[in-house]
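The values are calculated or read from the model by the stated rules, or taken from the named source; none is laboratory data. Every value quoted in this text rests on a predicted model; they were computed, and no experiment measured them. Cβ coordinates were reconstructed from backbone atoms using ideal geometry, including for glycine residues, and neighbour counts include every protein chain displayed. Surface accessibility is based on the protein's heavy atoms, side chains included, excluding ligands, DNA and RNA. Shrake-Rupley method; radii C 1.70, N 1.55, O 1.52, S 1.80 Å.
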Amino acid sequence: MRWDGNRESDNVEDRRGERGGGGGGGGAFGIGAVLIGLVAWLVFDVNPITVINLISEMEPAAEQQAPARASAPDDRDAKFIRVMLADTEDVWRPLLQAQGERYRPPKLVMFTGATPTACGRGDAAIGPFYCPGDEKIYIDLSFFQTLGRELGAPGEFAQAYVIAHEVGHHVQHQLGISAKVDEEMARSSESRANALSVRQELQADCLAGVWGHHADQARRILEPGDLETALTAAARIGDDALQRSAGREVVPDSFTHGSGEQRVRWFRRGFDSGDMAQCDTFRARRL
C-alpha cells in the first residue's frame, strides 16, 4: 500500500502508555483476550456503552491519567494511523459538501489497555469502536496483531478498512442515520434490533468501500493484492466466521454485523461504485 509522504491528520490523540486502568501489550486481559474482545467489537460497536461498563465493573477502578504524550518521530504505526485518518478526511469532506453538509472529522484516539471515553471506559478487549458521545474513534493498535495473526487478515489495507469502517459510523452519526436506527432498535424485538444492526454495519462497510474507491482514484494508494487483504478481513470478521471459530452453531438471527459474504459484498459495492447512494442497506431487499 502506498501511503508514505501523504498528508497526516492533526485529529489523532496519542494516549498510549498512559495509566488508564490497563497494561501494555493488549490490556489487562492480555493479547489472547483481544481475540475474544473482537467478538464483542462486532456485537457492540454500534453502541459500546454496555460492554465497556461491564468491563469497568469487573476490573479495579482506573488510575488517574497522565498527560497525553507525543508520538515518537519514527513511530510508523502512529504515522500510518495519521495518514489514513487524513485520507478519510480528504475523501469525506467533498463528498458531504456535495450533499450540502459540512464534514466534521472525528478524532482518533490511540490507547494502550484502557482509556476513558464519553461512552464509558474504553478497553482494548472490545476492539476498535466509535463513540458518538464525543465523536471519537478509539483503537488499541494491538488489535491489528490480532487481525493479522489470529484471524489471518494481515496487510495495511486490511487495517485501513477497519479505520474506514469506524469513520463510516461517524458519517452515519453526522447524517442522523445512527440516531434513527437507535430509536427504531429501542422499539423493536431482539430479532428486529439485530436485523437493523446488521444493516447499519453493512452500510458502514459500504461507506468504507466508498472511501477506498476515492482514495485510490485520487492518490493511487493501492498496490496489487491490497484490495484482497481488505476483502479477506471483511470475510474473517463476519458473524458466521466468528461463530464457527468460537465452536458455536451459526445462527443467522443472532447476527449483528452480517455474514462474511455480506460484508465483502457491501464493501465491494462501495469500492466499485464510489457512490454513497449505493450504500442504502436499509432499503435493500437483498443484503
Quiz item: Given a 1.4 Å probe and every protein chain left where it sits, what share in percent of the accessible area of segment 85-184 is carbon and sulfur?
Solution: 48 percent
Quiz prompt | Ranking by accessible area, most exposed first, for Glu89, Glu150, Glu13 with a 1.4 Å probe | solution = Glu150, Glu13, Glu89
Quiz prompt | Candidate lysines - alpha carbon under 16 Å from Lys107, same-chain residues fewer than 8 apart omitted | solution = Lys79, Lys136
Exercise. Counting only heavy atoms of the protein chains, get the accessible area per residue of segment 168-287 (1.4 Å probe) and round it to a whole Å² value.
Key: 47 Å²
Quiz item: How long is the gain from Arg93 to Glu150 if the chain were fully straight, where each residue apart is worth 0.36 nm and the alpha carbon distance is subtracted?
Solution: 17.0 nm
Self-check item: Within segment 215-254: Cβ-based charge dipole about Cα centre, in debye rounded to nearest 20 (Lys, Arg +1; Asp, Glu -1)
Solution: 120 debye
Quiz item: What ranking, highest mean first, results for peptides 188-194, 156-162, 117-123 when packing means the other Cβ atoms within 10 Å averaged over each residue?
Solution: 156-162, 117-123, 188-194
Quiz item: For Arg219 and Lys107 in one chain, what is 0.36 nm times their gap in residues minus the Cα-Cα distance, to one decimal in nm?
Solution: 38.1 nm
